[in-house]
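Below: the structure, in structure tokens.
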Amino acid sequence: MANQEDKFKKVISHAKEYGYVFQSSEIYDGLSAVYDYAQNGTELKNNIKQYWWKAMVQLHDNIVGIDSAIFMHPTVWKASGHVDAFNDPLIDNKDSKKRYRADVLIEDYCAKIENKIEKEVTKATKRFGDAFNKQEFITTNPRVVGYQEKIDTILSRMGSSLEKEDLEDVRNLIDELDIVCPVSGSKNWTDVKQFNLMFGTKLGASADSAMDLYLRPETAQGIFVNFLNVQKTGRMKIPFGIAQIGKAFRNEIVARQFIFRQREFEQMEMQFFVRPGTQKEWYESWKENRIKWHLSLGLGEDNYRFHDHDKLAHYADAAADIEFKFPFGFKELEGIHSRTDFDLSSHEKHSGKKLQYFDHEINESYVPYVVETSIGVDRMFLAVFSNSLVEEELENGSTRTVLKLPAVLAPTKAAILPLVKKDGLPEIAKEIVEDLKWDHKVIYDEKDAVGRRYRRQDANGTPFCITVDHQTIEDKTVTIRHRDTMEQKRVAITDLKSIIDAEVSMKEWLKRI
Ligand code: GAP
């Protein structure tokens, strides 16, 4: 656990030191759970969004993208159920006066049991070596099976109590598990209450006529209310999808874990409209498609797992999370939800406008069913960033910090370095920058000894360092150094573009899906 915490602290400090993420309004001591993306973070975030957009919109001829407003008519949130049901169960500790999400306290308790399972697995891996079969071990080892049963019993009881709005039982569960406040160490808890997560604001200048609005808590509703506009103007035939990337806002009770849970964040959502009765197939198909998208980035198959929801949201008939192994354990990265016809039907009722589709194949009008994929940009950022940050022991006994970002997402693709700041080398290096910058984000760096510049670019996540030396003047060749292997090769300047293209081209990475 201490190790995990140390690793996470390193992630946060590295993100600041290398210009990825800053605390918002830092000179005023920051604003809780709000962050700014810095110069490198913005590039990484834009690349993540582009990787998603291309995979979803450009590569599917039946998916189109929109960009709807953050402000929406307040009735939207009544219709969507958010006014009545977008709540988190909160609980206060009377001694520390700290507020918690009751479900998160219980989940954290289960995460501790899960750590015990991981420890058993690590021990067994060492004991059995190559002969170790993890799947067999976790399904047969009595201690591990016992731990897993305990987790399942707790989570299923919590799920059904929340489903039934039985907050007293959630409180009882916290008592029975002897969960203490992490700050005061006491079990002096209040009752569990519901807390609505939407931020309210006002539209209009005069106090009398101002209209109460909400900042959208999800981007999905902007898609639902535009369903018919897009279907008609795009002449879309079911099944088809509408995708969107945009900001969402939630007044999270417990906002911690850096950019994992923020009050202002960004979502990449896609609603896929299907014929009623076919939603189960599409739900399975999107689960498969989305996990392939994740795996294409090469962050390691073992870092992902599916988690089926015990407690279904008010709109869903099936739901699963893709969880990622963050530095603080497996947590939700993306949700795939079969949302039935809940949203469109409810908007029909509240707006009085028909939101139906005439299906020529079966000669019938219906309200389509919807399968949604929804991933947080910031969580994806954290997954990629934290997984990529490694400390490597080198052969000479020294260590290097390297940010092994998937090359396709790296903010800077190559750094061009003159070996020395004289003899015409800077001029050649700058010419190379001028030439490459039309296709790739590249930078020029002449400060410090070349070894230190390599280390700086390693820590920055730059996949290539290109060094101009005295031989360059003679034969127009340079050395190109690969971040991960540290291998250097001598290549012609004229080949640089194609060498970089081959490793960072989005097309090549997306083909793996
Ligand atoms: N439209 C469905 C929806 O919003 P959700 O599971 O509440 O579903 C989807 O959110 C995704 O948005 C999550 O999987 C997560 O990646 C991201 N997300 C949700 N709340 C967040 C927060 N407070 N901070 C950062 N990301 C968040």
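With a 1.4 Å probe rolled over the protein heavy atoms of all chains, the accessible area of Ser296, Ser285, Ser32 falls in the order Ser32, Ser285, Ser296, largest first. Among the chymotrypsin sites (Phe, Trp or Tyr not before Pro) within the stretch 226-261, not one is in coil by DSSP while having at most 15 neighbouring Cβ atoms inside 10 Å.
Under 5 Å between amide hydrogens, built in the peptide plane, is the criterion, and for Asn251 it picks out Met198, Phe199 among residues at least 5 positions away or on other chains.
Over 19 Å between Cα atoms: which of Lys247/Lys331; Lys49/Lys497; Lys49/Lys441; Lys331/Lys404 fall into that group? Cα-Cα > 19 Å for Lys247/Lys331; Lys49/Lys497; Lys331/Lys404; rest within. Taking GluC sites (Glu not before Pro) as exposed when DSSP calls them loop and at most 13 other C-beta atoms lie within 10 angstrom, the chain has its longest site-free stretch at 166-360.
Please figure out what share of the DSSP beta bridges in the chain is antiparallel and state it in percent, rounded to the nearest 5. Expressed as a percentage, antiparallel bridges in the chain total about 85.
Pairwise Cα distances in the stretch 87-195 exceed 18 Å in 55 percent of cases.
Shown for the chain: the carbon plus sulfur share of the solvent-accessible area, taken with all protein chains present and a 1.4 angstrom probe, equals 50%. Rounded to the nearest angstrom and listed largest first, the equivalent-ellipsoid semi-axes of the stretch 174-325 from its Cα gyration tensor are 32, 27, 16.
For Thr399, the accessible area of its heavy atoms, probed at 1.4 Å with every protein chain present, is near 80 square angstrom.
Counting only protein heavy atoms and a 1.4 Å probe, the stretch 87-195 has 58 square angstrom of accessible area per residue.
Please work out the Cα center distance from the stretch 449-468 to the stretch 168-221, rounded to the nearest Å. The two parts, judged by their Cα centres, are 47 Å apart. Measuring between alpha carbons in the structure, the pairs from Lys150/Lys325; Lys16/Lys112; Lys134/Lys507 lying more than 27 angstrom apart are Lys16/Lys112; Lys134/Lys507.
A Förster distance of 25 Å, applied to the separation of the beta-carbon atoms of Lys202 and Glu348, puts the FRET efficiency at 0.35.
Scaling against 2.2 N^0.38 Å puts the C-alpha radius of gyration of the stretch 412-510 at 1.00. Expressed as a whole number of Å, what is the distance separating the alpha-carbon centroids of the stretch 97-115 and the stretch 252-267? Between the Cα centre of the stretch 252-267 and that of the stretch 97-115, the gap is 16 Å. Taking a straight line from the alpha carbon of Lys187, these aspartates and glutamates sit under 18 Å away, with near neighbours fewer than eight places off in the same chain left out: Asp92, Asp95, Asp103, Glu107, Asp108, Glu168, Asp169, Asp175, Glu176, Asp178. If R0 equals 60 Å, the separation of the Cβ atoms of Asn87 and Asn396 corresponds to a calculated FRET efficiency of about 0.60.
Principal semi-axes of the equivalent ellipsoid, √(5λ) from the alpha carbon gyration tensor of the stretch 152-204, are 27, 18, 9 Å from largest down. With a cut-off of at most 16 other beta carbons within 10 Å, and DSSP calling the residue loop, which trypsin sites (Lys or Arg not before Pro) in the stretch 80-173 qualify? Please list them. The qualifying sites are Lys94, Lys97, Lys98, Lys164. Distance distribution P(r), the chain, all Cα-Cα pairs, bin width 20 angstrom from 0: 19, 49, 28, 4, 0 percent. Within the straight-line cut-off of under 16 Å between alpha carbons, the aspartates and glutamates reachable from Lys489 are Asp469, Asp475, Glu503, sequence neighbours fewer than 8 places apart in one chain being disregarded. In this view, the solvent-accessible surface of Leu59, computed with a 1.4 Å probe and all protein chains in place, comes to about 110 Å².
The values are calculated or read from the model by the stated rules, or taken from the named source; none is laboratory data. All values derive from a computational prediction rather than experimental measurement. Note: ideal-geometry Cβ built from the backbone for every residue, glycine included; neighbour counts use all protein chains shown. Only protein heavy atoms, including side chains, enter the accessible area calculation; ligands, DNA and RNA are left aside. Shrake-Rupley method; radii C 1.70, N 1.55, O 1.52, S 1.80 Å.
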